[in-house]
Amino acid sequence: MGDLLTPVISAASALLGVGLTGAISARSDRRKDKALERQQLHQESVQERTHLRELHAEHKKWLREQRLAAYQSLLTAMTQAREANWQYFNVLQSTSSPSPDAQEKRTAARQARSVASQASHTVQLEGPEPVSAVAARCLEIMEREYERVATLVEGTLTHSLSPQSEDGLRARFREGDQEYKDVMDLFVETARGALGEILAVG
């Protein structure tokens with residue numbers, strides 16, 4: 001009887017061993033699968049964060065380029081408008097009677113004012129707020145200066161200005177021109193700070 005039990009016990013032990021080995025192996029495989037899944041999720045998360053950082057960096061670069069182009073356009077337009085104002089003003093300087101190209105100078109000054117106005121509005125949209133505020137101030141000063149010159153030149157041409165009014169307008173134009181230069185300097189300073197902040201953020 002003992003001889004019969006030995007093979008049965010051996011077979012049962014072998015089956016039990018195989019079952020335990022299979023269970024341990026399956027459990028080990030599940031752990032490996034979970035570890036691989038966690039590793040894959042981690043890698044996907046890292047890749048997503050890297051992709052988002054790259055997108056953010058690209059957006060900052062694009063934003064900086066957009067703003068830089070708008071700022072440069074405003075500076076160019078403001079400089080050209082100031083020069084056109086002076087050309088219009090100088091109609092009165094050459095001779096006692098204004099030169100016949102006064103209308104041409106007026107048209108050029110109006111066109112330059114229009115371009116500067118559009119450039120200022122673009123900057124006001126691009127921002128940020130401190131730059132928008134100075135761009136609005138640039139536009140205000142530029143338009144006021146154009147109106148002073150137009151009033152002075154047209155009033156002189158039509159002899160509708162008293163000598164005192166003419167002298168006052170000339171003085172205010174020269175004072176305003178200094179304000180014009182000062183606000184352009186302020187714009188450069190403010191714009192430079194805004195462009196630097198884009199690179200510093202994030």
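Read the figures in this text as sums done on the coordinates, not as results from a lab. Bear in mind the structure is a predicted one, so any value in this text is a computation, not a measurement. Positions of Cβ are backbone-derived with ideal geometry, glycine not excepted, and every protein chain shown enters the neighbour counts.
Report the gain in length on full extension from LEU55 to HIS121: 0.36 nm times residue separation, minus Cα-Cα distance, nm rounded to one decimal.
Additional length available on full extension: 21.0 nm.
Please give me, ordered by residue number, the GluC sites (Glu not before Pro) of region 124-174 that lie in loop per DSSP and have at most 12 other Cβ atoms within 10 Å. Provide the component values of the computation, followed by the final result.
Numbers: sites: GLU126, GLU140, GLU143, GLU145, GLU147, GLU154, GLU166; in loops: none.
Nothing satisfies the criteria.
Once fully extended, how much extra length lies between GLN178 and ALA102, figured as 0.36 nm per residue of separation less the alpha-carbon to alpha-carbon distance?
Answer, rounded to one decimal: 25.0 nm.
In nm, to one decimal, how far is the TRP62 label point from the GLU166 one, both placed 7 Å along Cα→Cβ?
The modelled label-to-label distance comes out at 5.7 nm.
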